[in-house]
Amino acid sequence: MLSFTGGLKVFVALEPCDLRKSFNGLEGLVRERLGEDPRAGALFVFTNRRRTRLKILYFDGSGLWLLIKRLEKGTFSWPKPAQVEGTKLRLAPEALAMLTDGIDLRGGRLRPWYERE
């Protein structure tokens, strides 16, 4: 289980991407597709089309981290934002922890702590 602090920004790419990309490719996607600075200290989350793999890009001040998770069974339940405004969704760190732990985030109504403005 991963643990993320409450002050951390988390951006989820709503569109799937080619996860053969590594540091440089994902850094380019953050700039071009998400319109964010990949070195701003936020987590940037990407998934493949089948939603069986997940990559998280993070800059800690000295270099880029790349976290990867592959599910052996099932898929990640990608959240659906209340209002789609582009290509990304900002999540609370707690919601990302639930997503990586296999909790289904698609059902029900989004609470204020789940989706950040």
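Percent of Cα-Cα pairs more than 11 Å apart in region 14-55, please.
It works out to 63 percent of all Cα pairs.
Hey, can you rank 32-41, 87-96 by average C-beta count inside 10 Å, highest first?
87-96, 32-41
Quick one: order E27, E72 from most to least accessible surface, probe 1.4 Å.
The ordering from most to least exposed comes out as E72, E27.
For R20 and L64 in one chain, what is 0.36 nm times their gap in residues minus the Cα-Cα distance, to one decimal in nm?
14.2 nm
The values are calculated or read from the model by the stated rules, or taken from the named source; none is laboratory data. Being a predicted model, the structure only gives us computed values, none of them experimental. Virtual Cβ from ideal backbone geometry, glycine too; neighbours counted across all protein chains shown. With ligands, DNA and RNA removed, areas are computed over all heavy atoms of the protein, side chains included. Shrake-Rupley method; radii C 1.70, N 1.55, O 1.52, S 1.80 Å.
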